[in-house]
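Presented below is the structure to which this report refers.
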Amino acid sequence: MTILVVDGSGRLAEFVAVPQPVQGDNAPRAIDWNLLFEAAGLDMSTFKPADPQWVPPVFADERRAWEGPLPEHPGQTFRVEAAAMGGRPVSFTLAGPWSRSARASQPVPQSLFGRFVGRVTAMVMPGLMLAAAVLAWGNIKAGRGDRRGATRAAIVLVMIDIVAWSVGSRHTGVIGVDLQRLFGAVGRALFDGGMLWLTYLGLEPYIRRFSPDSLIGWTRLLNGRWRDQQVASDVLVGVCAGLGMTLLYGVHNLIPPLFGRPEPMPLTPADPQVLLGARFVIGKMLSQIGGAVSAGMLAVCGVIPILLLVKRKWIAQIVSSAIFVWVVIANMFPPGTPILDVAIGLGMIGIWTGVILHAGLLATVVALSTHFVLLRAPITTELSSWRGTPAVTYLLVVGGVGLLAAYLARSAAVSYRTANG
């Protein structure tokens, strides 16, 4: 019946304890609030008493509040709200000027920019799915399309999704519950596989007709030729592009302080379970790779019709970037910097659409996989911290794939030059 929340440095951020159901007869004792301040990494002498404002989430017969600065933010005033019951602390919360309780009856109003991005995103993704289905239906009726390749790609995606769930889920040990979760995971995997099958059938004839080189690396990888030079080159291009997109995303929080504005609040990791060990990291990465395959195919399904319409790749890159940037920035950045969000988003989608139009399908999927894997990864240079193991796992996997691709591409090139004198 106790909740303890710490920040990234292990310092106390919030504490809630449900009091005993029956109040004792003992007289309440004095509380040493300094112990909680020390656990939060705060100097109580720098905080001044204030009137309590926040109602504690549990019953209390004593409420206290203080205001003061944090060591790393001396220019900001923070509040500490605390409460006790029967001489025992039952609530302790550190709040900044921007803090808002989740118990508030009125949600935080969404900005006009946020509503616009949300509505555009809500139309783009279903539109891409519909376009994939329409293209696939037309190709099936005309007898076009690589059904064998589509089936093989769908099977691979289904296997990735199921393995990701098996490795990255916390199983209860109760057969009925675990079977229910397994059926849900298999259903989601089959849906993703079916959508990929449709998208591939819709895309493949057009890509083969207008840009046949784009399918070489992807086809050879599906045929098991992972040591092929073209496969290695496409993977290397994709890893580099994904790293570029992720680094550009990280620049977002570095720009506002250069102009005297506060640094935006970092977003939390997409799945805190990755902090529990390497097994959960691997499961999460496999899940993100599966999502990248599906999203990559849908994105290509949106870019190719634009290319067919405008005929020139550089125009198609500009038009598709302007259309899909809203999907990129949806829930990607903290609110408050719309112009910067669009600028960074255009840079990221520009890199990716460039890969789609110039590097091929395999590089497209690898670029998005690398970006998805690193986007919310808890990367840190403090390898001895509790985030160290996940950070090392992420970096080893991404770095290992990139180095292996570079090695295979170079080895194949050297072998080709030797064979041809």
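The values are calculated or read from the model by the stated rules, or taken from the named source; none is laboratory data. Everything numeric here is computed off the predicted structure, so don't read it as measured data. Cβ placement follows ideal geometry from the backbone for every residue including glycine, while neighbour counts extend to all protein chains displayed. Only protein heavy atoms, including side chains, enter the accessible area calculation; ligands, DNA and RNA are left aside. Shrake-Rupley method; radii C 1.70, N 1.55, O 1.52, S 1.80 Å.
Some observations on this one:
- Within region 221-238, residues that are among the polar types (S, T, N, Q) sit with their Cβ atoms under 6 Å from residues that are open to solvent by less than 60 Å² (accessible area, probe 1.4 Å), at 6+ positions apart or across chains, in these pairs: Gln229/Ala409; Gln229/Ala412; Gln230/Ile216; Gln230/Gly217; Ser233/Ala409.
- Annotation note: Cβ proximity below 6 Å between a residue of region 370-383 that is free of Cβ contacts under 8 Å to residues at least 60 places away in the same chain and a residue that is surrounded by 15 or more Cβ atoms within 10 Å (Cβ to Cβ) and in a helix (DSSP H, G or I) (sequence gap 6+ or interchain) occurs for Ile379/Ala391; Thr380/Ala391.
- Of all residues in region 163-184, those satisfying the criterion of being within 20 Å of Gly277 (Cβ to Cβ), within 23 Å of the chain's Cα centre (by Cα) and not in a loop (DSSP other than H, G, I, E, B) are Val163, Ala164, Trp165, Ser166, Val167, Gly168, Arg181.
- Filtered residues of region 272-286 (kept if surrounded by 20 or more Cβ atoms within 10 Å (Cβ to Cβ) and not aromatic (Phe, Trp, Tyr)): Val274, Val281, Gly283, Lys284, Met285, Leu286
- Of note, Ile356 does not satisfy the criterion of being within 30 Å of Phe210 (Cβ to Cβ), open to solvent by 40 Å² or more (accessible area, probe 1.4 Å), out of contact with any Phe, Trp or Tyr (no Cβ under 7 Å at 6 or more places or on another chain) and in contact (Cβ under 8 Å) with a residue 40 or more places away in the chain.
- Some residue of region 398-421 being open to solvent by less than 20 Å² (accessible area, probe 1.4 Å) and of a type in the set (Ser, Thr, Tyr): no
- Filter result for Leu94 (within 30 Å of Glu263 (Cβ to Cβ), part of a strand (DSSP E or B), out of contact with any Leu (no Cβ under 6 Å at 6 or more places or on another chain) and open to solvent by less than 80 Å² (accessible area, probe 1.4 Å)): yes
- Scanning region 219-257 for residues that are under 19 Å from the mean Cα position of the chain (by Cα) and β-branched (Val, Ile, Thr) yields Val239, Thr246, Val251.
- Within region 294-314, residues that are modelled with pLDDT of 85 or more have Cβ atoms under 9 Å from residues that are open to solvent by 10 Å² or more (accessible area, probe 1.4 Å) and acidic (Asp, Glu) in these pairs: Ser294/Asp192, counting only partners at least 6 apart in sequence or on another chain.
- Complete set of residues in region 6-45 that are open to solvent by less than 70 Å² (accessible area, probe 1.4 Å), modelled with pLDDT of 90 or more and β-branched (Val, Ile, Thr): Val16
- Candidate set: region 46-55, residues that are of a type outside the set (Phe, Trp, Tyr) and outside any strand (DSSP E or B); chosen: the one surrounded by the fewest Cβ atoms within 10 Å (Cβ to Cβ): Asp51
- In the set Thr364, Thr393, Thr389, only one residue is assigned to a helix (DSSP H, G or I), modelled with pLDDT of 90 or more and of a type in the set (S, T, N, Q); that residue is Thr364.
- Residues located in region 183-197, provided they are of a type outside the set (A, V, I, L, M, F, W, C) and either over 10 Å from Ile162 (Cβ atoms) or open to solvent by less than 40 Å² (accessible area, probe 1.4 Å) (or both): Gly184, Gly187, Asp192, Gly193, Gly194
- When region 201-244 is filtered for residues that are of a type in the set (Ser, Thr, Tyr), part of a helix (DSSP H, G or I) and under 17 Å from Gly354 (Cβ atoms), the ones remaining, listed by number, are Ser214, Ser233.
- Selection within region 367-385: residues that are assigned to a helix (DSSP H, G or I) and not polar (S, T, N, Q). The member of this set that is farthest from Ala232 (Cα to Cα) is Leu375.
- Residues of region 120-148 classified as more than 30 Å from the chain's Cα centre (by Cα) and not in a loop (DSSP other than H, G, I, E, B), total: 7
- All of Ser166, Ser99, Ser111 fail the test of being hydroxyl-bearing (Ser, Thr, Tyr) and within 30 Å of Val16 (Cβ to Cβ), apart from Ser99.
- Among the numbered conditions (1) among the β-branched types (Val, Ile, Thr); (2) closer than 30 Å to Pro212 by Cα; (3) touching a residue at least 12 places away in the same chain (Cβ under 8 Å), the only one that Val342 does not meet is (2).
- Within region 56-91, the set of residues being assigned to a loop (DSSP other than H, G, I, E, B), open to solvent by 50 Å² or more (accessible area, probe 1.4 Å) and in contact (Cβ under 8 Å) with a residue 40 or more places away in the chain comprises Pro57, Phe59.
- Residue match in region 292-306 (condition: of a type outside the set (Gly, Ala, Ser), open to solvent by 30 Å² or more (accessible area, probe 1.4 Å), more than 16 Å from Thr246 (Cβ to Cβ) and part of a helix (DSSP H, G or I)): yes
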